[in-house]
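Asker: Got a structure for you, written out below as structure tokens; questions coming shortly.
Just so it is clear, none of the values below were taken in a lab; they were calculated from the coordinates. From a predicted model like this one, the values you see are computed outputs, not experimental measurements. Glycine gets a Cβ as well: all are built from the backbone with ideal geometry, and neighbour counts include every protein chain shown.
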Amino acid sequence: MRKLLLLAFLCSTSFANIQSQTNSQELPTATLEEAGLNSDSIDILLEAVATTPHRDFRGLVVIKDNHLVIEEYYNTFWRNTVHDIRSAGKSVTALLLGIAIKEGLIENLDQNVYDLFSKEKNPTINEDYQKITLRHLLDMSSGLDADTDDPQTVGQAGNWMGLDDWKAYLLNVPLVAQPGQNWVYADIHAVLIGLAIEEAAGMSLRDYAHKKLFGPLGIEQVYWYTNAANQTGAAGNLYITALDFAKLGLLVVNEGKWGDTQLIEASFIKELITHKNFDLSPMADSYGMLWYKSTRTVNGKPLDYLFASGNGGNHLVVVPAENMVIALTSSAYGPGYGQGRSYAITRKILEALE
């Protein structure tokens, strides 16, 4: 029996090593020095991360100039661990919208939500949705009665996420404010975008993502919660590895192109990077296109970046001017320190740029 267990362990270890070697060939590697990062500063940072008293930090991946520069895993987690990135999944939904527009499934960002849904299939859709555009959803400024921090609002996720079919419910949430006036964080915005893509594509957002985004990027090990009615939780519920998380940022750095294939129009990516709306200080300067945007002074110079953010400190940071992506995975759900830790790690990496 012991021999069988040992053989099974060796086989699984060998398979893991082969899989790791195969995955590592997808991106060329570079040393810290070749990437223009101060190795002493990074070494100190990695040691600090490894010795933190909290055992819930999982992974750190840095890609610079299309080369894998840092790939570190902590606290029993490793390269092939899929991880719940929480609300950072909203930013992935924005990328899928870009793909849907390129494919002609959706015309443009100025389409109103009402026109995106068949009245025959969705007879109870609220006519107020004629006033709401995709831009409003991307900026979380729809004016709908939905607020993540207020369970009394009709569209708050706790009122519909447990349903087997949430489409009819979400398409009948009323307006309480003029669209475009205020930023109010709510899951409904990303989920409505997901529902629009699903209606146009004739498949779940999960399956559309596998076919049009994850597949082309070589992302195979991924899970995205999809309900009994085949509707995907486009506001989060996405499990992915830290390395594959970083690949999504690399697609943004490369202006929507992966290899020789233009998955998303460069013009859409440019708007995703530059469009800013609503001051969200101190956590970010602004928000737009389901991504946070910030400018920070680093080593005496202003540096612009955008980032996807999920509860617990799950961040995907894209620094276009440096052709850099930083992916951080963490399971510090609930406590406030997870986000602060990821901000601090990102800051230290940016300060290591030479």
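Asker: What is region 51-118 by shape, rounded, prolate or oblate, if you read a ≥ b ≥ c off the alpha carbon gyration tensor as root eigenvalues and call it rounded for a/c under 1.5, prolate for a/b larger than b/c, and oblate otherwise?
Answerer: In terms of gyration-tensor shape, prolate.
Asker: Right, here's the next one. Note down the nm distance, to one decimal, between modelled labels 7 Å out along Cα→Cβ at residue 55 and at residue 110.
Answerer: 5.6
Asker: Next question. Starting from the Cα of residue 127, step 7 Å along the direction of its Cβ; do the same at residue 76; then give the gap between the two resulting points in nm.
Answerer: 5.8
Asker: Can you tell me the 0 to 90 degree angle between the C-alpha axis of helix 337-351 and the longest principal axis of the chain, rounded to 10?
Answerer: Compared with the principal axis, the helix lies near 60 degrees.
Asker: Once Lys and Arg get +1 and Asp and Glu get -1 on their Cβ, which of 249, 59, 124 lies farthest toward the positive end of the dipole of the chain?
Answerer: 59
Asker: Taking amide H positions as placed in the peptide plane 1.01 Å from N, state which residues far from residue 187 in sequence (5 or more) or on other chains have amide H under 5 Å from it.
Answerer: 148, 157
Asker: Calculate one ³J(HN,Hα) per residue across region 186-199 by plugging θ = phi - 60° into the Karplus curve 6.51 cos²θ - 1.76 cosθ + 1.60, and present them in order as whole Hz with x for glycine and proline.
Answerer: The phi angles translate into 7, 5, 4, 5, 5, 5, 4, 5, x, 5, 5, 5, 4, 5 Hz.
Asker: Need one number: nm distance between label points at residue 348 and residue 176, each 7 Å from Cα along Cα→Cβ, rounded to one decimal.
Answerer: Taking the two extended label points, one gets 4.1 nm.
Asker: Just to be sure I understand: with springs between alpha-carbon atoms less than 10 Å apart, which residue in 161, 324, 140 has the highest mean-square fluctuation in the Gaussian network model of the chain?
Answerer: It is 161.
Asker: A further question follows. To the nearest Å, what is the center-to-center distance of region 244-304 and region 29-66, using C-alpha atoms only?
Answerer: Centre-to-centre distance over Cα atoms comes out at 21 Å.
Asker: Under 10 Å, Cα contacts only: if you run a Gaussian network model on the chain, which one of 186, 177, 157 comes out with the highest mean-square fluctuation?
Answerer: Looking only at 186, 177, 157, the biggest GNM fluctuation is shown by 177.
Asker: Given a Förster radius of 25 Å and the C-beta distance between residue 296 and residue 333 as r, what FRET efficiency does 1/(1 + (r/R0)^6) yield to the nearest 0.05?
Answerer: My answer for the efficiency is 0.45.
Asker: Residue by residue through region 315-328, what is 3J(HN,Hα) from phi via Karplus (6.51 cos²θ - 1.76 cosθ + 1.60, θ = phi - 60°)? Round to whole Hz and write x for glycine and proline.
Answerer: After applying 6.51 cos²θ - 1.76 cosθ + 1.60, I find 10, 10, 9, 10, 10, x, 5, 9, 6, 10, 10, 10, 10, 10 Hz.
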